[in-house]
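Engineer: Got a structure for you, questions after.
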Amino acid sequence: MNRWRVFGRYLIPAVIFFALIGFFVRSLHLEDPEHNPSEIPSPLLGRAAPIFRLAQVEDRSRTISNQDFAGQVYVLNVWGTWCAGCRQEHQTLLQIAQDQSHAVPIIGLNWKDDFNLAARWLAELGNPYAATGFDPDGRAGIDWGVYGAPETFLVDAKGIVRFKHIAPMTLDVWQREFLPRIRQLQAGGSS
């Protein structure tokens, strides 16, 4: 009887513990080197991009809408002056905007920010955006499923969201993740 008591007291909990470890490893896909558990999938992928109409940071008397870019592939970059990652990626966005080989407009979505700070940021640091919408209360960001800034979306010519990147944009990410998709979309394919 003592052996069964020891068995039940120590071995059964150990078996359950190791089974749970196996379950967690499997659920995190740690055996799959291509899977990144820190990536948050977007519910918008493969769906129509949310429509917005916002005042422009560059000129408050004008508005910007993603419908202004209907029929063309574009990138939407969510940023704020309060965002350290946005400052980190800004120089990269300027380089991308100057490179005409991709010919894709970058739309800015200034998210939960102060208008004057945003306008000063673009005036002082340079403006990589074809236009920037001012979203002070974050409603447009909510429609886009924004979790934080920076986030960057790729939208095809039909207005369908094809890719989302969460983190500061780098030239490596641009060349590896965005450019191949942009070329495919511009050639008439879907990403």
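Engineer: For the structure I just gave you, tell me whether A149 is more than 15 Å from the chain's Cα centre (by Cα) and not hydroxyl-bearing (S, T, Y).
Structural biologist: no
Engineer: Another one. Kindly state which strands (runs of 3 or more DSSP E) lie completely within region 52-147 and contain at least 1 residues that are farther than 23 Å from I166 by Cβ and either of a type in the set (A, V, I, L, M) or not assigned by TED's automatic domain parsing to the domain that holds K158 (or both). Steps first, answer last, please.
Structural biologist: Details: elements: 53-55, 63-65, 74-79, 106-111, 131-135.
Filter on region 52-147 gives 53-55.
Engineer: Sticking with this structure for a sec: Residues of region 60-79 being surrounded by 21 or more Cβ atoms within 10 Å (Cβ to Cβ) and not aromatic (F, W, Y), which ones?
Structural biologist: Going through region 60-79, the residues surrounded by 21 or more Cβ atoms within 10 Å (Cβ to Cβ) turn out to be 64, 66, 69, 73-79.
Matches in region 60-79: I64, N66, V73, V75, L76, N77, V78.
Engineer: Give the residues of region 148-190 that are under 26 Å from L54 (Cβ atoms), touching a helix residue (DSSP H, G or I) at 6+ places or on another chain (Cβ under 8 Å) and either outside the structural domain of W82 (by TED's automatic domain parsing) or in a loop (DSSP other than H, G, I, E, B) (or both), sorted by residue number.
Structural biologist: A149, P150, D156, A157, G159, A167, P168, M169
Each row is one residue, and each column tells you yes or no for (1) touching a residue at least 40 places away in the same chain (Cβ under 8 Å); (2) crowded, with 21+ Cβ neighbours inside 10 Å; (3) under 24 Å from P43 (Cβ atoms).
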{"position": "T81", "(1), (2), (3)": "yes, no, no"}
{"position": "R87", "(1), (2), (3)": "no, no, no"}
{"position": "A157", "(1), (2), (3)": "yes, no, yes"}
{"position": "F163", "(1), (2), (3)": "yes, no, yes"}
{"position": "V173", "(1), (2), (3)": "no, no, yes"}
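The values are calculated or read from the model by the stated rules, or taken from the named source; none is laboratory data. This one's a predicted model, so the numbers in the text were calculated from it and none came from an experiment. Don't worry about glycine lacking a Cβ; one is built from the backbone with ideal geometry, like all the others, and counts go over all protein chains shown.
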